């Protein structure tokens, strides 16, 4: 029987999602779990319950940029902000679901490569071109992915994934489920670790 | 020379502020610091930058109640929600500043007793009566405090404290400064501990 997954919901435009993505596989492996990668759009949350990107909110925005840099320094991960930020990540999300097919634990390499392009190198992954360049670097068939990004089936699949995330109560990035227990925020990884070690409390 | 303080900003209606208040003195003492208690009103933040109490926000509200209870269980602190919640805490704040006078590290007993009344016992500290009852239990002169709560000087003092908090960039509860380094959230106490141990990074 396959072990249970850690369900990792994130927005590609989220620096906290990036920081957590750089740590989540190691944490999952420690507890004999695999990561189920679940990219979605925080914009869908804002449409549903209001809100806007954290870095755009007065006071919270300034704090958050400082905090993101502080968190990155502590874990020794580079952090650069792409020139256009926050950015739309529809193409990146669709690429991940296309590569996953029926296996949500697949495409981890693509997720982390896309995140690194955006937040370690400050590159552009908002366009299909940006996504295709990263995918090609991993040996993914550029022409096939390019075509897939335009197909109704993958657009529909992604729409369903976003709806399913919201229906499950996901509203942030990162947002992690350990079985049915939800954890919001990259600063909750230590609690996720304790939760897994103790089997909850 | 007095050691530097940990400046602890909080709203009395904030369960995360309560959970942090139950832990902050031990953390401060570990690093040879005193806590400067800084009650203020999140309502002033909402007026300035928008927003509303976390528990009232769709999706986030449900998550937060679950998370507050989970955090309380983990640290072994009782958590009950007062019948009226979120509640106005002007009287509680004024009482603290009145008791402090010129010493922001004073009135810790009053702060924690008020918080326990609200969130350990589910009592009412939104009214002057509720605050006076808690203060009296600590041996504070009820008549003197009752009079003070109506005095223009303490009202003005509290107004200035709230303005000073916002001017410093405070927008949440708890919100802690280690010297000039800001930390938002009760889930950042471990990071505050590391920051103090390492002198920053």
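Only the coordinates and a few stated rules stand behind these numbers; no lab work does. Because the structure is a prediction, the values reported are computed rather than measured. A quick note on method: Cβ atoms are made from the backbone with ideal geometry, for glycine too, and the neighbour counts reach across all protein chains shown.
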Just tell me how shielded A:178-184 is by partners: mean number of partner chain Cβ atoms within 10 Å of each residue's Cβ, no decimals.
-> 2
Quick one: of the DSSP bridges fully inside chain B, what percent are antiparallel, nearest 5?
-> 55
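Can you tell me what share of the DSSP beta bridges in the protein assembly as shown is antiparallel? A percent to the nearest 5 is fine.
Close to 55 percent.
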Taking N as the number of residues in the protein assembly as shown, what is its Cα Rg relative to 2.2 N^0.38 Å?
-> 1.09
Between region B:1-39 and region B:154-201, the alpha-carbon center distance in angstrom = 9
Just check region B:71-127 against the gyration tensor rule for me: Cα atoms, a ≥ b ≥ c as the square roots of the eigenvalues, rounded for a/c under 1.5, and otherwise prolate or oblate depending on whether a/b exceeds b/c.
-> oblate
Name the residue, out of A:47, A:160, A:100, whose mean-square fluctuation peaks in a Gaussian network model built on chain A with Cα pairs under 10 Å.
-> A:47
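Grab the DSSP H runs of the protein assembly as shown that are 4 residues or longer, score each as -39,500 (n - 2.57), total them, divide by all residues and round the 222 nm result to the nearest 500 deg cm²/dmol.
Theoretical 222 nm ellipticity from helices: -16500 deg cm²/dmol.
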Region A:26-116 - Rg (one decimal) and Dmax (whole number), Cα, Å | 15.4, 42
Among A:75, A:125, A:24, which one shows the biggest mean-square fluctuation in a GNM of chain A, springs joining Cα atoms closer than 10 Å?
-> A:75
Select from B:104, B:78, B:174 the residue whose mean-square fluctuation is largest in a Gaussian network model of chain B (Cα-Cα springs shorter than 10 Å).
-> B:78
Kindly put A:175, B:85 in sequence by how many other C-beta atoms sit within 10 Å of each C-beta, fewest to most.
-> B:85, A:175
Taking the square root of 5λ for each eigenvalue of the C-alpha gyration tensor of region A:5-198, the equivalent ellipsoid has semi-axes, largest first and in whole angstrom, of 23, 20, 17
So how far, in whole Å, is the C-alpha centre of region A:50-72 from the one of region B:90-137?
-> 32
Within 10 Å of each Cβ in A:189-195, the average number of Cβ atoms from other chains | 2
From the square roots a ≥ b ≥ c of the eigenvalues of the alpha-carbon gyration tensor of region B:119-174, which class results: rounded (a/c under 1.5), prolate (a/b over b/c), or oblate?
-> oblate
Compute the relative contact order of region A:9-104 as a whole-number percentage, counting only Cα pairs closer than 8 Å that sit 6 or more residues apart in sequence.
-> 37
